[in-house]
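Take a look at the structure set out below.
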Amino acid sequence: MNLYSETRDATLEEVSIMRRGLRRRMNNLAITDDVADDLQLVLAEWGANLVSHAGTRPTSIDLSLDMTGALLTMTIADNGSPYAEITNVSPEAAIHEDPFCEESGRGLGLIVGMVDGLAYHSGCADLGQKNRLVLQRQLLDRRPTVLVVDDDTALANTYAAFLGKDYKTIVATKLQTALKHAKSSPVDLILTDYHLDEGTGEGIIKIIEEDAGKIPAPVIMITGDTDPALKIRLEDLGIESVLNKPVAPVDLKRAVRHSLRRSMRARTGLLRHFEAVSHELGSSKGNEVHIPGFLLDRKGGSADVGTGDALVVCAGDGFERVVLVDMVGHGIVAQACGVAFLAMLRTVHTLNRNLDAGTYLEKVNEVLLGDINFSGLLCTLIVLDCFENGEMRIASAGHVEPALIKNGKLEQLPVSGGLIALMPNQEFETTTIKLGLEDHLILMTDGLDPAGLAHGASVPAWLEKALLKRHQKDGTIATEHLQEDIIAELGPEPEDDWTLICVRRQPESEPESEEGA
């Protein structure tokens, strides 16, 4: 789905106008600030490279922003000479291991660090083919978020690049900007320099402690001051770790990893509380859910303490509504937001019991965009309305397409829709199918194949093989063995939460005849 397209003359002024237009469009689409900021910066950086450094300067630049599933693809095309240097750029090559060494190629390195995929295609002016830089950015980023604070822009970007593969990073070069991010964004850890132009990193600690609405994030302080008394004072203030400059990448990554682990252990009790509440809201008791005419057999695994997947079951007018939700995020904030979101789903259903699946999603979309408390929430969900005669009406909001097992074969159903809360007046199509007595409908979350399913890819071959292998002659699926197959593939500690639900019809059993009848 194309979200934005524009063509401008190849000048710095026109690139700036294009950047602002892209920003306005992303604001209208309710795309999160971190994604919008990164894509704007990528456009500005690459546009400046084209205008100022191309061998033959282009006369025009084309921009296109498209979405497939939860993946944004931004394409920047130009009619100048190919920019071959991009083919040699990687995060490791573009940014030197020592942040204090002379910079080289940092602009291209920043581009690579802000996206999840990059490809460059050289064009041919004689054939009318343009050069194309194709960049991909996931909307559903499940990595912990690290706020990097340093008034030295080069150092801040370097620290962020060191961590960018494993963590989502937000860079702030001013104390006030850092405080704004810490108060308004879900931040899992703060990495800050001690000496800042507007004060010291201690100011961040004070603001965080005074914010009763958020759980304090652990703080790692970087300083060139080797005075032992300073380190003791900072640790007394609750600093998680103090690192002395210059900081080696391996030491930085180790400190961040250990701080996040300690923080998670400290929060385990609260997480389990939220998990218990969300399970209650999400109809999570037991692996089997019985609704009139159907049986839902659910299996799943969690990558952390508490899962972001939830199943909501509500009674509608003449049908049962099943909603599978895949929440993005982890930790207390994500769990609390998940509880509120699941409660909202139930409330919207209760107030609109006669809406079909697609219209229900449209109503949920309206509520999300109108409530600031859900600002920045990212999730996918699929709605399944089940009627006792086997009819099913399905609608999706960015969720993995369901699969149908029929006559011993598996096929994916073309049920798709945009992410929820992305734009106002969004429409969601309802698809109707009829489930036979020996058929199975398979609902799943993208944790079963994080690199593929989230971007609209087909069911991975290993999962299709496992599903068909466990599909028995009597029409049932041996789900316990199926779960063993999945664990064997993903491991006991999966990369992401996963859920798989096998839905089949369950005809009413005939009443037993009375003795002597």
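The values are calculated or read from the model by the stated rules, or taken from the named source; none is laboratory data. Just so it is clear, the structure is predicted and the values come from calculations on it, not from any experiment. Cβ placement follows ideal geometry from the backbone for every residue including glycine, while neighbour counts extend to all protein chains displayed.
Could you tell me which residue of the stretch 404-449 is surrounded by the most Cβ atoms within 10 Å (Cβ to Cβ), considering only residues that are part of a loop (DSSP other than H, G, I, E, B) and more than 28 Å from the chain's Cα centre (by Cα)? If you could, list the steps in order and put the result at the bottom.
First pass over the stretch 404-449, keeping only residues part of a loop (DSSP other than H, G, I, E, B): 407-408, 413-430, 435-439, 445, 449.
Now restrict to residues that are more than 28 Å from the chain's Cα centre (by Cα): 407-408, 435-439.
Working: 407: 7, 408: 9, 435: 21, 436: 14, 437: 10, 438: 16, 439: 17.
In this case the residue turns out to be 435.
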By residue number, the members of the stretch 344-355 that are loosely packed, with under 14 Cβ neighbours inside 10 Å and in a helix (DSSP H, G or I) are 347, 350, 351
The stretch 20-40, residues that are more than 18 Å from the chain's Cα centre (by Cα) and crowded, with 16+ Cβ neighbours inside 10 Å
22, 23, 25, 40
Which members of the stretch 376-399 meet the condition of being part of a loop (DSSP other than H, G, I, E, B) and free of Cβ contacts under 8 Å to residues at least 60 places away in the same chain?
377
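Yes/no matrix, rows are residues, columns are (1) over 24 Å from residue 450 (Cα atoms); (2) at pLDDT 85 or above; (3) in a helix (DSSP H, G or I):
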residue: 242; (1), (2), (3): yes, yes, no
residue: 253; (1), (2), (3): no, yes, yes
residue: 263; (1), (2), (3): yes, no, yes
residue: 286; (1), (2), (3): yes, no, no
residue: 290; (1), (2), (3): yes, yes, no
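Being closer than 30 Å to residue 247 by Cα and either part of a helix (DSSP H, G or I) or at pLDDT below 80 (or both): is that true of residue 107 here? Spell out the reasoning first.
Values: closer than 30 Å to residue 247 by Cα: yes; either part of a helix (DSSP H, G or I) or at pLDDT below 80 (or both): yes.
Criteria met by residue 107.
Please determine whether any residue of the stretch 494-511 is buried (at least 18 other Cβ atoms within 10 Å of the Cβ), acidic (Asp, Glu) and at pLDDT below 90. Before the answer, list the steps.
Step one: list which residues in the stretch 494-511 are buried (at least 18 other Cβ atoms within 10 Å of the Cβ), which gives 494, 496-505.
In the following step, the residues that additionally are acidic (Asp, Glu) were identified as 496-497.
Next, from what is left, pick out any that are at pLDDT below 90: 496-497.
Yes, that holds for at least one residue.
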Any residue at all in the stretch 3-19 that's closer than 28 Å to residue 427 by Cβ and under 20 Å from the mean Cα position of the chain (by Cα)?
yes
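Considering the stretch 152-184 alone, what residues qualify as being assigned to a loop (DSSP other than H, G, I, E, B) and surrounded by fewer than 16 Cβ atoms within 10 Å (Cβ to Cβ)? Explain how you work it out, then say what you get.
Initially, the stretch 152-184 is screened for residues assigned to a loop (DSSP other than H, G, I, E, B), giving 152, 164-167, 173-174.
Within the stretch 152-184, 152, 165, 166, 174 qualify.
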Would it be correct to say that residue 464 is assigned to a helix (DSSP H, G or I), acidic (Asp, Glu) and either modelled with pLDDT of 85 or more or surrounded by fewer than 19 Cβ atoms within 10 Å (Cβ to Cβ) (or both)?
yes
Would you mind telling me which numbered condition in (1) out of contact with any helix residue (DSSP H, G or I) (no Cβ under 7 Å at 6 or more places or on another chain); (2) modelled with pLDDT of 85 or more residue 314 fails?
(1)
Scanning the stretch 450-480 residue by residue, those within 16 Å of the chain's Cα centre (by Cα) and on the phi > 0 side of the Ramachandran plot turn out to be 456
